[in-house]
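Undergrad: Below are the structure tokens for one structure; questions will follow.
The values are calculated or read from the model by the stated rules, or taken from the named source; none is laboratory data. Predicted model only: the values in this text are computed from it and were never measured. Note that we place each Cβ from the backbone using ideal geometry, even for glycine, and neighbour counts take in every protein chain shown. Accessible surface areas use protein heavy atoms only, side chains included; no ligands, DNA or RNA. Shrake-Rupley method; radii C 1.70, N 1.55, O 1.52, S 1.80 Å.
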Amino acid sequence: MLLIATELEHLINQHLNGLRSISEKEMMAKPNPSKWSKKEIIGHLADSAQNNIRRFVVAQYENNPQVKYDQDKWVAIAGYQQYDTDDVIDLWFLLNKHMVAILKNTSSVIAQRTSLTEEMHTIEWLAIDYIKHLKHHLHQVLELEPILYP
């Protein structure tokens, strides 16, 4: 899990300044009324981090916990569009730093414990998938080469 944690740590440190350099106008812009703004995407990534942190922790002491969430409802209820942009970025960054610490403390044996999302997956699989999801959205927000994510 140390390699996964290190990759996540590198990823968040690599893109923090890029996120901070996006103008408020650009962060607030919605491609259309039913799509998220860049600020809401960062909020979604904070929500995703929270849910995955819960999976990584609870799966270590409960058998096959079920942690699911409705991403659209979380973003709407949190009201990220009205958040201070620096606060949304800080929230995202600190939650991911916390996740790095948890992953660094997760042994390879414990990493094989499972959690139920839509399907049953190991902590290790969920952590790898989380990084893919994070890269996909960071590339959207920072307007880098697209990375497909299912």
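Undergrad: Give me the pairs, please: first residue somewhere in region 34-60 and under 12 Å from Val88 (Cβ atoms), second residue anywhere and hydroxyl-bearing (Ser, Thr, Tyr) and assigned to a helix (DSSP H, G or I), beta-carbon distance under 7 Å, and either six or more positions apart or on two chains.
TA: Pairs that qualify, where the first residue is under 12 Å from Val88 (Cβ atoms) and the partner is hydroxyl-bearing (Ser, Thr, Tyr) and assigned to a helix (DSSP H, G or I), are Lys39/Tyr80; Lys39/Thr85; Glu40/Tyr80; Gly43/Tyr80.
Undergrad: Here's a check for you: in region 25-50, which residue that is in a loop (DSSP other than H, G, I, E, B) and open to solvent by less than 70 Å² (accessible area, probe 1.4 Å) is farthest from Ala78 (Cα to Cα)?
TA: Quick first cut of region 25-50, residues in a loop (DSSP other than H, G, I, E, B) only: 29-37.
Still in the running and open to solvent by less than 70 Å² (accessible area, probe 1.4 Å): 29, 32, 36-37.
Values: Ala29: 18, Asn32: 19, Trp36: 13, Ser37: 14 Å.
Looking at residues that are in a loop (DSSP other than H, G, I, E, B) and open to solvent by less than 70 Å² (accessible area, probe 1.4 Å), I get Asn32.
Undergrad: Can you go through Ile12, Ile22 and tell me which one is in a helix (DSSP H, G or I) and surrounded by 17 or more Cβ atoms within 10 Å (Cβ to Cβ)? So that I can check it myself, show each step before the final result.
TA: Working: Ile22 fails: in a helix (DSSP H, G or I).
When all the criteria are applied, what remains is Ile12.
Undergrad: Could you list all residues from region 102-127 that are in contact (Cβ under 8 Å) with a residue 12 or more places away in the chain and either touching a strand residue (DSSP E or B) at 6+ places or on another chain (Cβ under 6 Å) or exposed (fewer than 14 other Cβ atoms within 10 Å of the Cβ) (or both)?
TA: Residues satisfying the conditions are Ser107, Ser108, Gln112, Thr114, Leu116, Glu118, Met120.
Undergrad: Next question. For Tyr61, state whether it is over 12 Å from the mean Cα position of the chain (by Cα), at pLDDT 95 or above, of a type outside the set (Asp, Glu) and within 20 Å of His139 (Cα to Cα). Let's see the steps before the verdict.
TA: Working: over 12 Å from the mean Cα position of the chain (by Cα): yes; at pLDDT 95 or above: yes; of a type outside the set (Asp, Glu): yes; within 20 Å of His139 (Cα to Cα): no.
In short, no.
Undergrad: Here's something else I'd like to know. If we scan region 54-64, do we find a residue that is open to solvent by less than 20 Å² (accessible area, probe 1.4 Å), among the hydrophobic types (A, V, I, L, M, F, W, C) and closer than 20 Å to Thr6 by Cα?
TA: yes
Undergrad: In addition: Would you call Trp74 surrounded by 16 or more Cβ atoms within 10 Å (Cβ to Cβ) and under 18 Å from His10 (Cα atoms)? If you could, list the steps in order and put the result at the bottom.
TA: Details: surrounded by 16 or more Cβ atoms within 10 Å (Cβ to Cβ): yes; under 18 Å from His10 (Cα atoms): no.
It is false that Trp74 is surrounded by 16 or more Cβ atoms within 10 Å (Cβ to Cβ) and under 18 Å from His10 (Cα atoms).
Undergrad: Checking Tyr80 against (1) touching a Leu at 6+ places or on another chain (Cβ under 6 Å); (2) without any contact (Cβ under 8 Å) to a residue 60 or more places away in the chain, only one condition comes out false. Which one?
TA: Among (1) touching a Leu at 6+ places or on another chain (Cβ under 6 Å); (2) without any contact (Cβ under 8 Å) to a residue 60 or more places away in the chain, Tyr80 violates only (1).
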